[in-house]
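> I'd like to ask some things about the structure below.
The values are calculated or read from the model by the stated rules, or taken from the named source; none is laboratory data. Being a predicted model, the structure only gives us computed values, none of them experimental. Neighbour counts are summed over all protein chains in view; Cβ atoms, including those assigned to glycine, are modelled from backbone coordinates with ideal geometry. These accessible areas exclude ligands, DNA and RNA; they are computed on the full protein's heavy atoms, side chains included. Shrake-Rupley method; radii C 1.70, N 1.55, O 1.52, S 1.80 Å.
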Amino acid sequence: MGESWFVTGGARSGKSGFAQRLAASTGLEVVFIATLEALDEEMEIRIARHQAERPPEWLTIEAPLDPRRPLDVVSPEACVLLDCWSLWVSNRLLRLGGAPSADELTALETELVREVDAILEVQRARSGPLVSVSNEVGSGVVPDSVLGRAYRDLLGRVNQRASASAERAWLLVAGRALELPPPAS
């Protein structure tokens with residue numbers, strides 16, 4: 001049974017670097033599932049920088065809308081690094097347009113939870129670990145827009161789901177990792 005490890009923290013907290021070190025420490029082949037989409041020049045530069053920071057032997061699979069799909073083709077023994085849930089949720093939410101209805105948001109939440117559960121189910125059948133990364137967005141002020149609140153709520157649900165199934169979880173603050181206790185039974 002492949003373990004699931006969850007890494008979260010605020011923007012620029014060091015979570016991606018920490019997750020990369022975790023993946024490298026396994027000594028296994030690493031498959032990096034990237035959810036960042038190059039929507040503008042700044043994002044293209046950011047993607048190039050992230051790619052340059054990763055070891056060249058790591059396989060990168062771009063999966064901005066469906067991070068589960070690559071799990072069907074990677075070695076079950078490989079360590080999979082999914083970076084990140086937060087961009088995946090954003091990508092899916094933005095597909096609804098600028099002002100999604102309550103019904104659209106409810107349907108999206110149902111889809112996202114179902115898809116996270118599917119990823120975690122596939123992971124349980126693998127032998128290599130899954131290291132997943134996500135932003136913690138629930139610690140700040142309540143967003144002043146419907147879209148901002150929807151994003152915060154959707155990502156919060158995805159994070160809870162991913163964290164609850166993880167054997168290990170960390171919160172990154174100012175580059176320092178705090179290991180979180182297991183979920184209450």
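> For the range 112-130, enumerate the residues that are open to solvent by less than 50 Å² (accessible area, probe 1.4 Å) and either free of Cβ contacts under 8 Å to residues at least 12 places away in the same chain or part of a loop (DSSP other than H, G, I, E, B) (or both).
R126, G128, P129
> Follow-up question, since we're still on this one. Quick check on my filter: what residues within the range 67-91 are touching a helix residue (DSSP H, G or I) at 6+ places or on another chain (Cβ under 9 Å), at pLDDT 95 or above and more than 21 Å from V7 (Cβ to Cβ)?
P76
> Further question: If you take the residues of the range 18-54 that are of a type in the set (G, A, S) and in contact (Cβ under 8 Å) with a residue 12 or more places away in the chain, which of them is surrounded by the fewest Cβ atoms within 10 Å (Cβ to Cβ)?
My answer is A24.
> Could you please tell me which pairs satisfy a Cβ distance under 7 Å, a separation of 6+ or placement on different chains, a first residue in the range 131-142 that is open to solvent by 60 Å² or more (accessible area, probe 1.4 Å), and a second residue that is in a loop (DSSP other than H, G, I, E, B)?
E136/G10
> Which of the residues belonging to the range 11-60 are farther than 18 Å from W88 by Cβ, among the small types (G, A, S) and assigned to a loop (DSSP other than H, G, I, E, B)?
Selection gives S13, G14, G27.
> Here's something else I'd like to know. Of all residues in the range 131-162 being part of a loop (DSSP other than H, G, I, E, B) and acidic (D, E), which is nearest to D72 (Cα to Cα)?
Looking at residues that are part of a loop (DSSP other than H, G, I, E, B) and acidic (D, E), I get E136.
> Here's a follow-up. Among what's in the range 144-185 and is of a type in the set (D, E) and under 27 Å from L93 (Cα atoms), pick the residue that is least open to solvent (accessible area, probe 1.4 Å).
Step by step, filter the range 144-185, then rank; the result is D153.
> I'm checking my understanding of the structure. Among residues of the range 77-91 that are of a type in the set (A, V, I, L, M, F, W, C) and in a helix (DSSP H, G or I), which one is surrounded by the fewest Cβ atoms within 10 Å (Cβ to Cβ)?
Once the filter is applied, the top-ranked residue is L87.
> Give me the residue from the range 92-111 that is of a type in the set (S, T, N, Q) and either more than 19 Å from the chain's Cα centre (by Cα) or surrounded by 17 or more Cβ atoms within 10 Å (Cβ to Cβ) (or both) and, out of that set, modelled with the highest pLDDT.
Among residues in the range 92-111 that are of a type in the set (S, T, N, Q) and either more than 19 Å from the chain's Cα centre (by Cα) or surrounded by 17 or more Cβ atoms within 10 Å (Cβ to Cβ) (or both), the one modelled with the highest pLDDT is T106.
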